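Everything below concerns the one structure shown next.
The values are calculated or read from the model by the stated rules, or taken from the named source; none is laboratory data. Because the structure is a prediction, the values reported are computed rather than measured. Cβ placement follows ideal geometry from the backbone for every residue including glycine, while neighbour counts extend to all protein chains displayed.
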């Protein structure tokens, strides 16, 4: 069976399976592929005959993949990605294009990634860069697939083998409105934040997890006022005096510089994470993507926001989030 599978497998069979998986029925898949329903059914039967296993099953919610079908679907995604890579390479060889790079970045990185892309594009004007911004889990999930060339994030998912290029340090601290009563104090202890209301990111976000880790080391249980999924909204709420925030200093560099926010000088802060450019080790990068990865590793640190957080002690460095 294995030899026949490798020899007789066709892309049409795999695309029929993918369409059924996406659309939920053979009829809808046939419309999607611009084929007749019997033609799609035949492709599925031939594919199942090659594997010797059922790949789809009918449920009350439509056609669903079996465990074997999920395995073949993963193969389909890899093959489709390889075909796109081949097409781009041929276009480059033929002089039709300069290639394309697909980058994913966690939302906190949006304050510097555009500047990195702009600098790279000046050096490589024929290379198109596609940028996707998402939360921590969005980018982790994208990295598990094969469409994304490079992810810019703090920590990649543990279940994916990756190559990491260090961009630089990523400080986190507590910020408040510039006229906050603690803004001018130095040498604050964590206990001095007892009566402060914290405006925070949503549960599961990297920033929220880092905040919780920091306060677990003290006896303080921070008072949570509002949860928001946007750093921009958090910044405006803090400026308006609705509370303080444990936040990436790279997201508030502009507000610190123009005096709308201040970093509270709290012992143990800032907490330092790291920025990385990450790629799957089993995804072969085309020359444009490799050029971008090399650029990030060599020059990416130059575009990190410059911040001078208040500090009375050495920063705390952590990893794993």
> Of all residues in the range 36-50, which are touching a helix residue (DSSP H, G or I) at 6+ places or on another chain (Cβ under 8 Å) and buried (at least 18 other Cβ atoms within 10 Å of the Cβ)?
Replying inline: 40, 43, 44, 47, 50
> Just to be sure, is residue 249 farther than 17 Å from residue 107 by Cβ and either out of contact with any strand residue (DSSP E or B) (no Cβ under 8 Å at 6 or more places or on another chain) or modelled with pLDDT of 95 or more (or both)?
Replying inline: no
> Is it the case that residue 6 is exposed (fewer than 15 other Cβ atoms within 10 Å of the Cβ) and part of a helix (DSSP H, G or I)?
Replying inline: yes
>> Being more than 19 Å from residue 138 (Cα to Cα), modelled with pLDDT of 95 or more and touching a strand residue (DSSP E or B) at 6+ places or on another chain (Cβ under 7 Å) is the filter here; which residues of the range 96-118 pass it?
In response: 117
> Looking only at strands (runs of 3 or more DSSP E) that fall completely inside the range 152-242, which ones have 3 or more residues that are surrounded by 14 or more Cβ atoms within 10 Å (Cβ to Cβ) and not assigned by TED's automatic domain parsing to the domain that holds residue 252?
Replying inline: 162-177
> Name the pairs: first residue in the range 105-120 and assigned by TED's automatic domain parsing to the domain that holds residue 202, second residue surrounded by fewer than 16 Cβ atoms within 10 Å (Cβ to Cβ), Cβ to Cβ under 6 Å, at least 6 apart or on different chains?
Replying inline: none
> Has the range 293-303 got any residue that is more than 18 Å from the chain's Cα centre (by Cα) and buried (at least 18 other Cβ atoms within 10 Å of the Cβ)?
Replying inline: yes
> Which of the residues spanning the range 55-113 are touching a helix residue (DSSP H, G or I) at 6+ places or on another chain (Cβ under 9 Å), part of a loop (DSSP other than H, G, I, E, B) and farther than 28 Å from residue 275 by Cα?
Replying inline: 55, 96, 97
>> Can you find a residue that is touching a residue at least 12 places away in the same chain (Cβ under 8 Å) and closer than 30 Å to residue 129 by Cα anywhere in the range 49-68?
In response: no
> What is the residue count in the range 119-137 for residues that are in contact with a strand residue (DSSP E or B) (Cβ under 8 Å, 6 or more places away or on another chain), surrounded by fewer than 20 Cβ atoms within 10 Å (Cβ to Cβ) and closer than 21 Å to residue 203 by Cβ?
Replying inline: 3
>> Tally up the residues in the range 197-240 that are within 15 Å of residue 267 (Cβ to Cβ) and out of contact with any helix residue (DSSP H, G or I) (no Cβ under 8 Å at 6 or more places or on another chain), please.
In response: 2
> Is there any pair linking a residue in the range 1-26 that is modelled with pLDDT under 90 to one that is not in a helix (DSSP H, G or I), with Cβ under 7 Å and at least six apart or on different chains, and which?
Replying inline: 1/52
> Any residue at all in the range 246-268 that is under 19 Å from residue 139 (Cβ atoms) and surrounded by fewer than 22 Cβ atoms within 10 Å (Cβ to Cβ)?
Replying inline: no
> Across the range 17-42, what is the number of residues that are in a loop (DSSP other than H, G, I, E, B) and touching a strand residue (DSSP E or B) at 6+ places or on another chain (Cβ under 6 Å)?
Replying inline: 2
